[in-house]
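What follows is one structure encoded as structure tokens, with my remarks underneath.
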Amino acid sequence: MMRLRIRLVLTIVVLLASLAIVAAGPPEEAFWDAARAGDLDKMKQLVTEGVDVNAPTRYQATALSFACDKGHLEVVKYLVENGADLNPKDSFYEFTPIGWASFNEHVEIIELLLEKGAEGADLVLSMGVRNNNSRMVAAALKVEGLDSAAVLQARQQVKSVDDSAEIAAMLEAVEIEVPETTAVAVAPELLASYVGNYNNEQIGLALEIRLEDGNLVAQATGQPSLGLTAVSDARFDATEVPNLSISFSGRGGLIESATVHQGGQDLPFPRVTETAEAPEAQETAPAAEELKTETAAAPEPIARGPQQNWPTFRGVQASGIADGQGAPTTWDVTSGENILWKTPIPGLANASPIVWGDQVFITTAISGANDDTFRTGLYGDVDSVDDESEHTFKLYALQRTTGKIEWERTVATRVPGAKRHLKSTQANSTPVTDGKRVCALFGTIGKLACYDMKGKSLWGADVGILDAGWFYDKTYQWGHASSPVIYKNLIIVQADVYKDSFIGAWNLKDGSPAWRTSRDELPTWGSPTIYRGKDRDELITNGTSIRGYDPASGKILWTLAPNSEVTVATPIIANDLFYVTAGYPPVRPIYAIRPGGNGDISLADEISSSDAIAWSHDSGGTYMPTPIAYDGHLYTCANDGRLTAYNATDGERVYRQRIGGGSFTASPIAADGKLYFTSEEGDIVVATAGSTYTELARNEMNEICMATPAISDGVMVVRTLGHVFGIGEASVDP
């Protein structure tokens with residue numbers, strides 16, 4: 001299975017290349033598609049018609065890259081015989097064709113490319129050892145002039161691979177010169193000053209330096225420990241990995257940064273202060289006493305107010321705030337403490353619940369093949385779930401106080417027009433209601449459906465199949481997820497897909513089209529947000545360019561770049577600012593945008609604010625969860641549970657804390673001075689809001705949780721993959 005994160009010892013891919021845009025017409029697109037599909041006849045036809053075998057995509061990948069990824073040996077042979085460049089390196093991941101073949105262990109292709117003189121034998125060797133593939137190792141070792149450093153690294157690497165005696169023997173049989181290193185004596189107090197945690201937010205990698213038996217040891221995220229040998233007072237070579245070293249620098253006797261030197265690249269890791277996060281290499285949740293769970297007291301409750309509806313993803317304006325709604329702090333699914341109800345729902349769905357009055361609305365998609373393939377966790381697989389069965393797409397209305405199903409409607413029964421990711425479903429978009437109607441969007445069948453509050457069908461609109469997935473290769477489908485929003489008499493859908501992205505509005509009354517605006521955009525997964533201002537209203541969208549529109553007409557108002565190539569978070573509004581984040585290369589920014597912008601409001605280099613931008617950071621943005629602005633702070637939660645709090649007004653970082661091991665996709669919510677964080681494993685962590693972090697409770701749902709909870713009138717509605725729960729200050733039998 002292909003991995004996008006290559007777990008090599010401290011091997012760091014730095015995304016410095018610019019993303020050159022190449023104007024490619026339909027013949028080139030068809031050529032790349034044929035290479036992916038292994039359609040050799042089509043490729044030959046297109047070459048005859050004049051298509052260049054080395055035609056690059058916008059990321060400088062070629063047909064050879066795709067054929068090597070998919071394992072089409074005959075296509076690779078044809079391309080090589082017809083002059084294909086063996087070593088094109090794409091501008092985003094910096095991978096070559098032999099790299100793609102290595103990830104998928106397409107050994108015959110690897111052997112062919114190496115025989116023809118392709119570069120990358122060291123990568124083949126490392127991947128062969130990692131996958132315990134002796135044939136890949138043998139192919140790499142046959143290459144004349146293979147770097148001895150690569151063999152030394154492979155010898156160290158094989159020690160951590162099970163049942164690898166054959167490969168270990170192959171590596172030991174290679175005659176190489178082992179360079180000698182002369183150790184330098186460094187004062188113990190100076191060694192101790194280097195101990196600590198360092199973090200490069202731009203690439204999302206942490207580095208821990210510690211002392212073991214008087215010697216420095218380095219450990220990067222997800223990597224084994226490396227011994228360090230001093231070559232000067234401030235520079236150390238990795239004992240087991242040739243050509244890798246770490247240096248330390250600082251001022252006034254304080255160490256401020258570590259720099260990793262490898263392969264001609266210097267990667268800085270600023271030191272993490274003591275008030276910041278635990279090392280990213282830590283895989284388990286912090287101990288309870290470290291999070292003050294024993295002595296923590298919940299904030300004074302806010303007086304219960306009138307019911308506040310939760311009409312769309314993350315509530316009103318996606319704020320995620322439910323003050324005065326009686327949100328619970330603790331509950332116990334096993335004993336039934338504070339569990340008001342529990343309702344099973346068939347199928348799979350990541351769509352979040354919404355609440356209006358005494359009704360809870362949810363959607364689901366039921367596979368005809370009963371395929372419940374789903375995988376949580378921190379991983380980089382881009383694969384789709386191969387389920388092409390007929391699905392039943394449903395909308396449910398539940399009673400808020402009892403969980404009883406009031407009605408359920410089948411929106412459609414058909415085969416989805418696009419596949420889903422391993423962590424996705426065919427029902428990702430959260431429904432939306434204005435209290436008169438409830439609308440549900442199922443993007444992979446192109447269906448927008450509207451019902452009244454009693455379940456009567458009002459209308460259905462065809463929005464077109466919304467096929468979203470990996471921007472690099474459209475054959476990897478992940479599923480659409482953006483949720484619709486309601487503005488006055490319109491329902492608005494953000495439809496960022498592989499081709500012909502758009503944002504459009506339909507009339508709530510009858511589903512007729514109102515307006516449609518094209519977007520030059522890659523697939524995205526965040527939802528649009530509506531700002532209702534004194535001078536004008538604005539519709540804010542995330543994407544490779546952040547944009548503002550007139551929600552009444554779809555007219556573009558302003559654009560802001562740069563941003564990540566994959567965006568998932570939804571823009572939020574607080575303090576009369578729009579907060580937008582993203583957490584994928586090439587940049588992971590945080591923007592605090594003022595209303596009223598016009599035209600291109602992008603910042604000049606080295607500038608972090610302007611008339612249009614209150615403040616910004618070019619790193620620190622998070623990938624999956626939408627941030628939350630509450631009580632004067634902006635909180636961002638990374639996929640791995642790193643919580644960072646900023647001053648919402650000026651962007652100054654207040655603290656950083658790891659809230660738990662595991663992975664996070666659901667977005668945080670807040671109520672009555674408390675923050676709620678839901679992990680994929682089903683832990684809902686409750687913590688105090690404010691300038692310091694104190695954990696109040698850790699509630700286990702005992703099921704996978706991908707959806708963001710809703711809170712309204714004394715009930716927290718939590719959706720797991722199998723059930724919907726109503727949680728409140730009461731208890732019933734489990």
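Read-outs: derived from the displayed coordinates by stated rules, not from any lab. Worth saying up front: this structure is predicted, and the values here are computed from it rather than measured. Here the Cβ is made from the backbone with ideal geometry for all residues, glycine too, and neighbour counts use every protein chain on show.
Descriptive notes on the structure:
- Principal axis analysis of the Cα atoms in the range 316-731 yields extents of 54, 48, 42 Å, listed in decreasing size.
- Coarse-grained scattering of the range 599-734 at q = 0.11, 0.14 Å⁻¹, given as base-10 log I(q)/I(0) from a Debye sum over alpha-carbon atoms: -0.45, -0.68
- Per-residue Cβ neighbour rank within 10 angstrom, fewest leading, 345, 556: 556, 345
- Ordering 593, 424, 659 by the projection of their Cα atoms onto the charge dipole of the chain, which places +1 on the Cβ of Lys and Arg and -1 on the Cβ of Asp and Glu, puts 593 at the extreme positive end.
- Using the Stokes-Einstein relation with a Kirkwood hydrodynamic radius computed over Cα pairs, the translational diffusion coefficient of the range 26-172 at 20 °C and a viscosity of 1.002 mPa s comes to 136 µm²/s.
- Euclidean distance of C-alpha centroids, the range 33-65 and the range 80-153, integer Å: 21
- Using the Cβ of residue 172 as centre and a radius below 12 Å, the other residues enclosed give a net charge of 0, where K and R count +1 and D and E count -1.
- For the chain, the fraction of alpha-carbon pairs in successive 10 Å shells from zero, as %: 3, 13, 22, 25, 20, 12, 4, 1, 0
- Taking 567, 221 and counting other C-beta atoms within 10 Å, the order from fewest to most: 221, 567
- Sorted fewest first by neighbouring Cβ atoms within 10 angstrom, 665, 430, 475 come out as 475, 665, 430.
- Every helix of 4 or more DSSP H residues in the chain counts as -39500 (n - 2.57), and over all residues that averages to -4000 deg cm²/dmol at 222 nm.
- For the range 493-511 versus the range 670-698, the gap between their alpha-carbon centres in whole angstrom: 35
- Label zone at residue 607 (point 7 Å along Cα-to-Cβ), backbone N below 19 Å, the range 557-575: 558-563
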